[in-house]
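The values are calculated or read from the model by the stated rules, or taken from the named source; none is laboratory data. Just so we're clear, the structure is a prediction, and the values are computed from it rather than from any experiment. Counting neighbours? That spans all protein chains shown, and the Cβs are built from the backbone with ideal geometry, glycine included. Ligands, DNA and RNA are excluded from the accessible area calculation, which covers all protein heavy atoms including side chains. Shrake-Rupley method; radii C 1.70, N 1.55, O 1.52, S 1.80 Å.
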Amino acid sequence: MDDLTGKKPAPPALDPDGDALFLDFDGCLVDIAPRPDAVVIPESLPQVLARLSAQLGGALAVVSGRSLHELERFLLGYDGLMIGSHGAEARGMTPPLEESPDDLAALQTEMDHFAQQQGLLFEKKSHGGALHFRADPSRQPEVEAFTETLAERFPAFAIQPAKMAVELRPDGFSKDGALVLLTQLPQFSGRMPVYAGDDTTDEPALAWAEAHGGYGIKIGDGKSAARYHLAEPSDIRDWLAAAVEE
């Protein structure tokens, strides 16, 4: 519920005995960087996640559009559940997508070629790819048009809009779909889902948490299905640290 100024309130304290926690990575746990490989990981973050996962009985998962191997590299010291590629990859549970679509290499080649021709940034992912236009937001229409033609030619992939980027991910996978699978694991049984995220890619998962007896936390600006709001990643990190300290 919004306050009298229309601003959504900060979330309540996390309940280690009753909550299940799902956390986006970019723009939520860490600040958005000019390049995907340039994010800065706070030194204490992996240890905070590890300790909090233990307090929650393992009912904590990082849920990201990033490739799983990148998440593992960035969060060394946290050995808990991770979901990558918008729900297609997983650590700590059976991978939802066992093999990439056969035309993945062809798709990535075309995206990379387009990026080089247009002076854009191509991010290669385990099961897809993304075209970033953060350096020149005016390029958004042509990036959207190009990815629409690719999605028509490569039907195994779906368009996933993101902040200053457009991604092609395996069709049929999403962050809310990942929550459905995660909450079937025994450590999540009987717990209230709490999801934190910042992007359009997170909105289905934020709405899912709200619809299933829990709540969402929107990080940053923009309309959201989430009930609660925090201004920036440092705020969610402080919220997590406070739960660990209690």
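Based on DSSP H runs of at least 4 residues, each adding -39500 (n - 2.57), what is the mean residue ellipticity at 222 nm of the chain after dividing by all its residues, to the nearest 500 deg cm²/dmol? Mind dumping the intermediate values first?
Numbers: 7 runs with 77 residues, N = 246.
The helix-only estimate for the chain comes to -9500 deg cm²/dmol at 222 nm.
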## Note on the structure
Calc'd 3J(HN,Hα), segment 155-166, phi into Karplus 6.51 cos²θ - 1.76 cosθ + 1.60 (θ = phi - 60°), Hz, glycine/Pro = x, comes to x, 6, 10, 10, 6, 10, x, 8, 5, 6, 7, 10
### Between helix 140-153 and the chain: long-axis angle, C-alpha atoms, 0 to 90°, nearest 10
80
### Task
Report, for segment 1-136, the % of DSSP beta bridges that are antiparallel, rounded to 5.
55
### Summary
Taking every C-alpha to C-alpha distance in the chain and binning by 10 Å from 0, the per-bin percentages run 7, 32, 36, 19, 5, 0
### Query
For the pair Lys124 and Ala145, what calculated FRET efficiency results from E = 1/(1 + (r/R0)^6), where r is the Cβ-Cβ distance and R0 = 22 Å, to the nearest 0.05?
0.55
### Message
At 1.4 Å probe radius, can you tell me the per residue accessible area of segment 117-209 in Å²?
### Response
43
### Message
If you restrict to DSSP beta bridges whose two residues both lie in the chain, what percentage is antiparallel, to the nearest 5?
### Response
50
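Relative to the present Cα-Cα distance, how much length would full extension add between Lys7 and Leu185 at 0.36 nm per residue of separation? Please list the in-between numbers first.
On the way: separation 178, 0.36 × 178 = 64.08 nm, distance 3.48 nm.
Result: 60.6 nm gained on full extension.
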### Query
So how much accessible area does Glu148 have, in Å² to the nearest 10, using a 1.4 Å probe?
100
### From phi via Karplus (6.51, -1.76, 1.60), per-residue ³J(HN,Hα) for segment 37-51 in Hz, x at Gly/Pro
8, 9, 5, 9, 9, x, 4, 7, 4, x, 5, 4, 4, 5, 5
### Task
Whenever you get a sec, line up Glu144, Glu152 from highest to lowest accessible area (probe 1.4 Å, protein heavy atoms).
Glu152, Glu144
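At 1.567 mPa s and 4 °C, plugging the Kirkwood radius over alpha-carbon pairs of segment 200-246 into Stokes-Einstein gives what diffusion coefficient in µm²/s? Working shown, then result.
Details: Rh = 11.3 Å.
Stokes-Einstein gives a translational diffusion coefficient of 115 µm²/s.
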### Query
Between their Cα atoms, which of Lys175/Lys223; Lys124/Lys175; Lys124/Lys163 are more than 21 Å away from each other?
none
### Using alpha-carbon coordinates, inclination of helix 233-245 to the longest axis of the chain, degrees
30
### Query
Could you give me the ³J(HN,Hα) list for segment 177-194, computed from phi with Karplus coefficients 6.51, -1.76, 1.60 and θ = phi - 60°, whole Hz, x at Gly and Pro?
x, 5, 5, 4, 5, 4, 6, 8, 6, x, 5, 9, 4, x, 9, 8, x, 10
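Computing the accessible area with a 1.4 Å probe over protein heavy atoms, can you report the carbon and sulfur percentage for the chain?
Numbers: 5820 of 11120 Å².
Result for the chain: 52 percent of the exposed heavy-atom area is carbon or sulfur.
Over segment 1-79, what portion of Cα pair distances is larger than 19 Å, expressed as a whole percent? Present the calculation step by step, with values, prior to reporting the outcome.
Details: 1394 of 3081 pairs.
Within segment 1-79, distances greater than 19 Å cover 45 percent of Cα pairs.
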### Query
What is the set of long-range amide H partners of Met192 at a cut-off below 5 Å, with H atoms built 1.01 Å from backbone N?
Asp19, Ala20
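Quote to one decimal, in nm, the extra length available between Thr200 and Ala231 on full extension: 0.36 nm per residue of separation minus the C-alpha distance between them. Mind dumping the intermediate values first?
Details: separation 31, 0.36 × 31 = 11.16 nm, distance 1.59 nm.
Stretched out fully, the Thr200 to Ala231 stretch lengthens by 9.6 nm.
How much length is gained if the chain between Met192 and His69 is pulled fully straight, taking 0.36 nm per residue apart and subtracting their Cα-Cα distance, in nm to one decimal? Please list the in-between numbers first.
Values: separation 123, 0.36 × 123 = 44.28 nm, distance 2.84 nm.
Fully extending the segment from Met192 to His69 adds 41.4 nm.
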### Query
Plugging the Kirkwood radius over Cα pairs into Stokes-Einstein for segment 151-209, at a temperature of 25 °C and a viscosity of 0.890 mPa s, what D comes out in µm²/s?
191
### Query
If amide H atoms are built 1.01 Å from N in the plane of the peptide, which residues on other chains or at least 5 residues away come under 5 Å of the amide H of Gly77?
none
### Query
Given labels modelled 7 Å from the Cα in the Cβ direction, how far is it in nm from His113 to Glu99?
2.5
### Per-selection metrics, segment 105-212 (Cα): Rg and Dmax in Å
16.1, 52
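Which value results for Rg/Rh of segment 57-132 when Rg is the Cα radius of gyration and Rh the Kirkwood radius based on the inverse mean 1/r?
Numbers: Rg = 14.2 Å, Rh = 13.5 Å.
We get a ratio of 1.05 for segment 57-132.
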